[in-house]
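Asker: Please read through the structure below; I'll follow up with questions.
FYI, it's all coordinate maths here, none of it is from the lab. These numbers were taken from a predicted model, which means no experiment stands behind them. Virtual Cβ from ideal backbone geometry, glycine too; neighbours counted across all protein chains shown.
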Amino acid sequence: MKVKVNDDACIGCGACTAIAPEVFEMNDEGLSTPIVDEVAEDSIDNAKEAIESCPTGAIEEE
Ligand code: SF4
């Protein structure tokens with residue numbers, strides 16, 4: 001599983017980085033960015049929860 005953050009939709013709320021800090025981090029622009037190319041097996045549940053929790057639907061699963 002891969003994840004992608006749409007910069008135009010992310011409002012920098014920090015929800016995804018709180019839920020899945022091993023998958024997302026805030027960049028210098030205050031927006032979330034994935035830090036892994038492929039989400040580890042152990043992190044898939046967290047990544048999916050982050051996708052569902054994003055208030056703007058900015059995270060896409062690829
Ligand atoms: S949860 Fe969504 S809006 Fe919030 S920081 Fe993550 S990608 Fe951006």
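Asker: How much net charge surrounds Ile35 when only other residues with a Cβ under 10 Å from its Cβ are counted (Lys, Arg +1; Asp, Glu -1)?
Answerer: -3
Asker: Okay, helix-only estimate at 222 nm for the chain: each DSSP H run of n ≥ 4 adds -39500 (n - 2.57), divide by all residues, round to 500 deg cm²/dmol; what do you get? Walk me through the intermediate numbers first.
Answerer: Working: 2 runs with 15 residues, N = 62.
Mean residue ellipticity, 222 nm, calculated: -6500 deg cm²/dmol.
Asker: Return the single residue from Glu41, Glu49, Glu22 with maximal mean-square fluctuation; model: Gaussian network over the chain, springs between Cα atoms under 10 Å.
Answerer: Highest fluctuation of the listed residues: Glu41.
Asker: Next question. Looking at the square roots a ≥ b ≥ c of the eigenvalues of the Cα gyration tensor of the stretch 3-61, which shape do they give, rounded for a/c under 1.5, prolate if a/b is larger than b/c, or oblate?
Answerer: Note, shape of the stretch 3-61 comes out prolate.
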